[in-house]
Amino acid sequence: MKMNIEPYAISEKTIYDICTLLTDYVGKEPVYHDGFVTIDSGKGAIYPRHILTADAKGRSEEVIGNIMELVKAGGPGYVSYTEEIAGSEHRAALEKHGFVNFMSQVGMYLEIDKHVFKADLSPVIRIGEDRFDEWENTLNTAFPKPSERDALELLVKDPRVAFFGYEADGKIVGTAMAYCKDGICGMHEGGILPEYRGKHLFRSLLEKCIMHGKENGCEIAALQSNDTGYPSYIACGFIPAGQMPNWRLEK
């Protein structure tokens, strides 16, 4: 791997970058604090967040306390970080302030130039605004979570972001999203409708995203995996890099 980034930080960077893409539309820049970065686009349920940085280690109570002040002032109530950096310390401070761990993911990456493409990419289509509603409905069925529609409606208009759908039986049965920035192809919003699972369709979506990264000069593909997608990512050649807990403030 040529990129001068710690492997465990690569997948976390894809969260950071997708958040910053949204700020382009709403005129808000990321705010760098001592121990964390705040990205508040005001769009979507999960994308706006505070990301703890490595220098928060040993100072969790102080840093989370500062985040709480921002939350009280109307800032986002979501926090993420890499478990390998002071995970137990951050967890205790977040729980003390009323945060709950609502989702844990595994950061994963793949070296694009070493990947051997095997899947049929022909059923995978590029999604534009004309089929966005159908794509989003499939995503919400395949991957139930708080709605990201406000954010996704902005991103589908951005030429830097590629929305892909797997088309079968005349409808979109699978979803994925990819974007390229600083040599990394970030991959998000992957899912297959329950009745179409077990047919290896998701491999085609993954490889379409990887190909998108390759065509745009990326060295690395990176993503955050849940339990459902993990076996597919491993089979495709992705390497686990670090645990990524996601926390939200329960009001």
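Bear in mind that the values in this text are calculations on the coordinates, not laboratory data. Because the structure is a prediction, the values reported are computed rather than measured. Heads up, the Cβs are rebuilt from the backbone with ideal geometry, glycines too, and the neighbour counts pull from every protein chain shown.
Tabulated values for the structure
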| quantity | calculated |
| --- | --- |
| Helix-only mean residue ellipticity at 222 nm for the chain, each DSSP H run of n ≥ 4 adding -39500 (n - 2.57), per residue, nearest 500 | -10000 deg cm²/dmol |
| Alpha-carbon gyration tensor eigenvalues x 5, square-rooted, for the range 207-251, Å | 26, 14, 10 |
| Amide H within-cut-off set for residue 162, under 5 Å, with H built and near neighbours excluded | 178, 179 |
| Charge-dipole axis of the range 111-241 as Lys and Arg at +1 and Asp and Glu at -1 on Cβ define it, positive-most pick from 123, 166, 241 | 241 |
| Cα→Cβ-extended label distance, 7 Å offset, between residue 134 and residue 250, nm | 4.1 |
| Size of electric dipole in the chain: Cβ of Lys, Arg +1 and of Asp, Glu -1, about Cα centre, debye, nearest 20 | 280 |
| Neighbourhood net charge (12 Å Cβ-Cβ; Lys/Arg +1, Asp/Glu -1) for residue 150 | -1 |
| Under 21 Å from residue 72, Cα to Cα: lysines that are on another chain or at least 8 residues apart | 28, 43, 96, 251 |
| Globularity index of the range 111-241, i.e. its alpha-carbon radius of gyration over 2.2 N^0.38 Å | 0.97 |
| Stokes-Einstein diffusion coefficient of the range 88-138, Kirkwood radius over Cα pairs, 20 °C, 1.002 mPa s, in µm²/s | 133 |
| Shape call, the chain: gyration tensor on alpha carbons, a/c limit 1.5 | prolate |
